[in-house]
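See below for the structure under consideration.
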């Protein structure tokens, strides 16, 4: 499958994934939710990540990225549990950067769930509004390795 075909299929899958996850959000959770963002990695980003993780594109754990941004993280645990216990998803790894921060950016506080949906790798992130703003401000420095 070519990258463009793969990205087209991933665009379909991300909508399916979000539909499944959003089914698990009751009204109480929506009250604390600021926004939901998603993206499919670009071809150049896929190639760069494959150099790190090997030639299998299905090992690019963040081929699909979904970010749930809360006003505060009061209700993220219920949604996290819904995802982890959902039989549609194969959980690969949970990275909890909420307390100690990320090794490359100690100010980064978020929870990442790496999973697969119908063989497509996806990373779901939970963070608050302030952290989402931090990510926007520091993204270029992070990519350049300047936050360590």
Can you tell me which of (1) in contact with a helix residue (DSSP H, G or I) (Cβ under 6 Å, 6 or more places away or on another chain); (2) surrounded by 15 or more Cβ atoms within 10 Å (Cβ to Cβ); (3) modelled with pLDDT under 90; (4) more than 26 Å from residue 99 (Cβ to Cβ) is the one residue 32 doesn't meet? (4)
Looking only at the range 84-94, decide whether some residue is surrounded by 12 or more Cβ atoms within 10 Å (Cβ to Cβ), out of contact with any strand residue (DSSP E or B) (no Cβ under 6 Å at 6 or more places or on another chain) and within 16 Å of residue 126 (Cβ to Cβ). yes
Quick one: residue 23 ticks every box in (1) in contact (Cβ under 8 Å) with a residue 12 or more places away in the chain; (2) more than 14 Å from the chain's Cα centre (by Cα) except a single one, so which number is it? (1)
Any chance you could count how many residues in the range 116-128 are more than 17 Å from residue 84 (Cβ to Cβ) and within 15 Å of the chain's Cα centre (by Cα)? 3
Among the listed residues 82, 68, which satisfies the condition of being over 30 Å from residue 2 (Cα atoms) and modelled with pLDDT of 85 or more? 82
Of those in the range 1-10 that are out of contact with any helix residue (DSSP H, G or I) (no Cβ under 6 Å at 6 or more places or on another chain) and assigned to a helix (DSSP H, G or I), the residue modelled with the lowest pLDDT is 4
Report yes if residue 135 is surrounded by 15 or more Cβ atoms within 10 Å (Cβ to Cβ), closer than 23 Å to residue 44 by Cα, touching a strand residue (DSSP E or B) at 6+ places or on another chain (Cβ under 9 Å) and modelled with pLDDT of 90 or more, otherwise no. no
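The values are calculated or read from the model by the stated rules, or taken from the named source; none is laboratory data. Every value quoted in this text rests on a predicted model; they were computed, and no experiment measured them. Positions of Cβ are generated from backbone atoms using ideal geometry, with glycine treated the same way; all protein chains shown enter the neighbour counts.
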